[in-house]
1. Within the range 323-337, work out how many residues are open to solvent by less than 30 Å² (accessible area, probe 1.4 Å) and either free of Cβ contacts under 8 Å to residues at least 24 places away in the same chain or touching a Leu at 6+ places or on another chain (Cβ under 8 Å) (or both).
2. Here are some residues: Glu183, Glu131, Glu174, Glu110. Which one is farther than 24 Å from Ala81 by Cβ, open to solvent by 10 Å² or more (accessible area, probe 1.4 Å) and not hydroxyl-bearing (Ser, Thr, Tyr)?
3. I'd like to know if the range 138-149 contains one or more residues that are over 23 Å from Glu195 (Cα atoms) and not aliphatic (A, V, I, L, M).
4. Looking only at residues that are free of Cβ contacts under 8 Å to residues at least 40 places away in the same chain and under 20 Å from the mean Cα position of the chain (by Cα) in the range 191-218, which one is nearest to Pro241 (Cα to Cα)?
5. For residues in the range 53-68 being free of Cβ contacts under 8 Å to residues at least 24 places away in the same chain and open to solvent by 60 Å² or more (accessible area, probe 1.4 Å), which is nearest to Glu199 (Cα to Cα)?
6. Taking only the range 38-92 into account, find how many residues are of a type in the set (Phe, Trp, Tyr) and modelled with pLDDT under 85.
7. Using the structure shown, decide if Asn138 is open to solvent by 10 Å² or more (accessible area, probe 1.4 Å), over 21 Å from Ile274 (Cβ atoms) and either touching a helix residue (DSSP H, G or I) at 6+ places or on another chain (Cβ under 8 Å) or not aromatic (Phe, Trp, Tyr) (or both).
8. For the range 208-320, give me every one of the helices (runs of 4 or more DSSP H) that falls completely inside it and has 3 or more residues that are surrounded by fewer than 16 Cβ atoms within 10 Å (Cβ to Cβ).
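The values are calculated or read from the model by the stated rules, or taken from the named source; none is laboratory data. These numbers come from a predicted model, not from an experiment. We place every Cβ from the backbone using ideal geometry, glycine too, and count neighbours over all the protein chains shown. Each accessible area value is taken on the protein alone, full model and side chains, heavy atoms only, with ligands, DNA and RNA left out. Shrake-Rupley method; radii C 1.70, N 1.55, O 1.52, S 1.80 Å.
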Amino acid sequence: MEEKINIHEYLTAGVENIVKNAVKVTLTNPAQSIFMGMFAASAKAASEKRKLSERKGEHIPAFLIASITSSCNLHCAGCYARAIHSCTDMEPAEQLTAAEWDHIFEQAEEMGISFVLLAGGEPMIRRDVIEKAGSRQNILFPIFTNGTLIDDTYIKLLKKSRNLLPVFSMEGRENYTNARRGEGIYGKVLSAMEELQNEKLLFGASVTVTKENLEEVTSDAFIEKLEGRNCKALFFVEFVPMSTELQEQAPGDAERTYLNQRLAEIRKKYQDMIVLAFPGDEKASGGCIAAGRGFFHINSHGGAEPCPFSPYSDVNVRNTTLMEALHSRLFMKLQSSGALMEEHVGGCVLYENRDTVESFL
């Protein structure tokens, strides 16, 4: 039976649990404990702000995904961002500046958005933007990174700005990760994790789930290794096939049933970790939460998109406010049409039904 979950309530409870555990180790890690206590208060205030907006008929999602760059230093096999041409080797000049991103973060904070997920490309390329994010202590910024650019200067920044939470992308064991991301990448990820663990800094992991690695990445052995390294957040993201030849790698109904079963077991056993799965948790939460239902996406050029897997936009935050972008015609049409609730085969309902999304433009 599929586990039912309210993503926002689960995350709130998860943050509270991490705060409680941080308080227990105040003597050994006072800086982390102090920050977690402060963020818990900020998250509660932001939640009240969203509830007030809801009573006024204005729905504000708790999450924003910000792709702060379209540049990446890796060429991962089957990368959706390169497949849809939103990722390149070079940094295009027309991307949002650090000051423009800072203004977006300021608006997000005013709206009551508690979590801004920094993505790319490889977000660590934009240190100027990440420094701006670090100054916004009322928002938690998970940074979805391949882990290859973390050095001593980044460690210093992470120690100074504890609201920056690296989330390392991997595929499980060394052979799976290196096969997709490149030779030696697994070792660099482990090295970065060990550095953060030594500095008593929190981090997370993001796993792309395929038919091949499903049992490995949901095994107790794999999760216990992450937990032992002080990993506090684990994201399972279903592989989205960007071509017909990659379709066989995508999880099917049997794999999703197995994943849902393991999720319930993992959450019960590893209560010190926040564990989320996409799109599985979206379905269990009542449908796709993109296009402002639970989050929306700002691309590196300022376009407001339903999500990173659905690169369509009819408004740009360079010309409008974040609140106005949330009310874009495209978002409203997606919410009212029922497109977010449709059944689908792959890891993203909007990507699978992209012809419908394009028709709304």
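1. Counting residues in the range 323-337 that are open to solvent by less than 30 Å² (accessible area, probe 1.4 Å) and either free of Cβ contacts under 8 Å to residues at least 24 places away in the same chain or touching a Leu at 6+ places or on another chain (Cβ under 8 Å) (or both) gives 2.
2. Going through Glu183, Glu131, Glu174, Glu110 in turn, the sole match is Glu110.
3. Looking for residues that are over 23 Å from Glu195 (Cα atoms) and not aliphatic (A, V, I, L, M), one finds at least one in the range 138-149, hence yes.
4. Ranking the candidates gives Thr208 first.
5. Applying the filter and picking the extreme gives Glu54.
6. Residues flagged as of a type in the set (Phe, Trp, Tyr) and modelled with pLDDT under 85 within the range 38-92 amount to 2.
7. Criteria not met by Asn138.
8. Answer list for the range 208-320: 220-228, 253-269.
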